[in-house]
1. I'd like the residue in segment 417-447 that is assigned to a helix (DSSP H, G or I) and small (G, A, S) and, out of all such residues, is farthest from D158 (Cα to Cα).
2. Residues that are over 23 Å from the mean Cα position of the chain (by Cα) and farther than 18 Å from F473 by Cβ: find the helices (runs of 4 or more DSSP H) completely inside segment 141-251 holding 3 or more of those.
3. Note down all Cβ pairs under 6 Å where the first residue falls in segment 57-77 and is at pLDDT below 95, the second is outside any helix (DSSP H, G or I) and open to solvent by less than 20 Å² (accessible area, probe 1.4 Å), and they're at least six residues apart or on different chains.
4. Take segment 441-488 and flag every residue that is within 13 Å of V161 (Cα to Cα) and either acidic (D, E) or in contact with a strand residue (DSSP E or B) (Cβ under 9 Å, 6 or more places away or on another chain) (or both).
5. Under 7 Å between Cβ atoms, at least 6 apart or on separate chains: pull out the pairs that start in segment 180-196 with a residue that is within 15 Å of M393 (Cα to Cα) and in contact (Cβ under 8 Å) with a residue 24 or more places away in the chain and end on any residue that is open to solvent by 30 Å² or more (accessible area, probe 1.4 Å) and part of a helix (DSSP H, G or I).
6. Quick check on this structure: which one of Q213, Q241 is touching a Pro at 6+ places or on another chain (Cβ under 7 Å), more than 30 Å from C361 (Cα to Cα) and either open to solvent by less than 80 Å² (accessible area, probe 1.4 Å) or modelled with pLDDT under 90 (or both)?
7. Going by the structure shown, is E89 open to solvent by 20 Å² or more (accessible area, probe 1.4 Å), without any contact (Cβ under 8 Å) to a residue 24 or more places away in the chain and either among the acidic types (D, E) or assigned to a helix (DSSP H, G or I) (or both)?
8. Hey, could you check segment 401-459 for residues that are at pLDDT below 85 and of a type in the set (S, T, N, Q) and say which is nearest to H482 (Cα to Cα)?
Amino acid sequence: MNSHIPSDVTSKEYKEWRVSNLEGSGMGEIHLVVSTVMLSYWCWKCKTAADYHRNPSQFNGQSWSRVLFECLVFFVPMFLALTDRFVYETFAALVATSIYYRWKIPDPPYRHDKWAPDPRAVAFDKTYVEGKVTPKSYLSIYRAEMMLLTCFCILAVDFNVFPLKYAKVETFGTSIMDLGVGSFVFSAGVVAIKPFLPRRVNDRIVTATLSHQLRAGLWTALPLLVLGFARLVLTESVDYQKHVSEYGTHWNFFFTLGFLPIFVPLGMFIFSDLRIASNVLLVVYQGIYSLTPFGSWLEDAGRTDMLSANREGVFSFVGYLAMFLMGMSLGSEILPDAPTFKSRRMRLVSVLGVWVTASICLFLADFVCGVEPSRRFANASYCFWVAGFNSFMIWMFMLIEEDIDSKLPPQFARSGRPAGYDVPLILDAVNMNSLTTFLVANLLTGATNMLIETLLCDTAQAYTILAVYTLMFMLPALLLYHAGIRVR
């Protein structure tokens with residue numbers, strides 16, 4: 001941190017100093033902590049399947065007891081892991097509980113004729129409809145859990161219970177919040193491919209035109225850009241603390257999210273291979289950054305005009321765009337309904353291949369070329385790290401679902417499962433209105449910091465405030481879900 005420490009811990013200067021020049025933590029620790037979201041899903045999935053198989057006719061996946069269990073298994077481990085308390089104990093408890101409930105799930109009937117067609121495969125293949133994109137439960141749960149993690153961290157970082165090694169690093173390094181920002185963009189890209197996929201309309205397979213894609217992109221971008229300008233005006237008017245080197249003087253994350261859906265259709269119109277486009281864009285950006293004076297200007301220039309004042313937000317957008325395209329590339333492989341049971345299982349191999357490729361690229365960029373990850377500039381190492389971690393986590397979610405659902409009767413191979421079996425109610429609510437949840441969390445974060453001196457709170461007070469905050473940003477999503485309303 002800086003050598004000069006402001007004396008007043010309640011001052012804007014101290015709050016900005018506190019999160020400046022941070023160095024983060026190692027990737028191993030980050031992966032261990034964030035992997036609790038995967039273990040929470042495994043634990044929930046095993047218990048849900050065990051409850052269903054015990055009494056299928058009486059199973060109610062949306063009862064109050066189920067909702068309370070969801071809060072226990074998804075929120076408590078997140079609170080403990082992200083505040084660096086009992087991380088290993090939490091990890092061990094989730095693993096042990098998952099193994100216990102996994103053991104309680106009965107095996108499917110024994111197939112005496114191993115050469116006979118698998119009944120699940122036959123039922124799955126018969127229900128395929130070309131051009132149909134049904135929701136993928138593992139993806140819905142993963143995106144919702146990443147959203148919960150992000151929303152929790154944006155307020156928790158303002159309390160002393162949140163380790164600063166998990167907060168965003170100054171320039172180079174890795175942290176949980178750095179990973180959260182990238183995961184937000186990558187996971188958004190995975191589902192953003194949906195409007196570009198061929199779909200069935202009046203018994204015909206059609207693809208959206210460029211004009212339709214641009215209109216859809218503008219419609220998606222408009223509320224995000226409005227929120228970006230609103231955040232800019234509000235933070236300036238109330239003199240809210242701001243870490244300038246994060247995105248720049250005026251830029252914020254909503255602007256980055258808002259411009260992505262505008263640039264994507266234009267880029268795909270020019271070159272449609274997402275995997276190649278994202279990697280070429282990233283290599284060119286990193287080459288210019290590392291081999292020209294542009295890198296030195298980006299790191300050390302003064303803030304003398306609009307461009308230099310917002311250079312982090314403006315130029316990191318190139319990296320985030322490449323990351324978004326990587327997510328879209330992965331989404332193009334896993335979002336369309338698989339035509340056969342075998343092809344669905346082969347997607348596990350495909351996603352694992354994405355993780356291996358991204359890990360190799362990260363190794364070459366970071367350990368061979370010496371390009372340390374930087375969220376501030378969204379460089380190549382950072383993008384490959386985020387893409388690799390997210391693809392591996394999605395692969396794990398797919399593997400858990402494939403394992404547990406293999407115990408279901410053949411008629412449930414593709415769909416028809418009872419409500420609450422595939423996706424927890426609270427996560428389904430968040431996923432249904434994720435942007436609304438994120439907006440509410442940002443508003444509550446600002447209000448909390450203006451009304452409460454968070455750095456003066458002791459541990460008990462901090463946990464209480466964070467628990468109330470979590471319930472409050474979840475409440476609108478739950479109410480909208482109950483009413484069947486999808487805002488954004």
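The values are calculated or read from the model by the stated rules, or taken from the named source; none is laboratory data. As the structure is a computational prediction, the values presented were derived from the model and not from experiment. Here the Cβ positions follow ideal geometry from the backbone for every residue, glycine too, while neighbour counts run over all protein chains shown. We work out accessible area using only protein heavy atoms, side chains counted, and drop any ligands, DNA or RNA first. Shrake-Rupley method; radii C 1.70, N 1.55, O 1.52, S 1.80 Å.
1. A429
2. Numbers: elements: 176-192, 210-237, 244-247.
Fully inside segment 141-251 and qualifying: 210-237.
3. That search, which allows pairs on different chains as well, returns G61/G420; G61/Y421; Q62/G420; E70/P424.
4. Of everything in segment 441-488, just one residue is within 13 Å of V161 (Cα to Cα) and either acidic (D, E) or in contact with a strand residue (DSSP E or B) (Cβ under 9 Å, 6 or more places away or on another chain) (or both), namely D458.
5. These pairs meet every condition: S187/R143.
6. Numbers: Q241 fails: touching a Pro at 6+ places or on another chain (Cβ under 7 Å).
Result of the check over Q213, Q241: Q213.
7. Working: open to solvent by 20 Å² or more (accessible area, probe 1.4 Å): yes; without any contact (Cβ under 8 Å) to a residue 24 or more places away in the chain: yes; either among the acidic types (D, E) or assigned to a helix (DSSP H, G or I) (or both): yes.
Yes, satisfied.
8. S415
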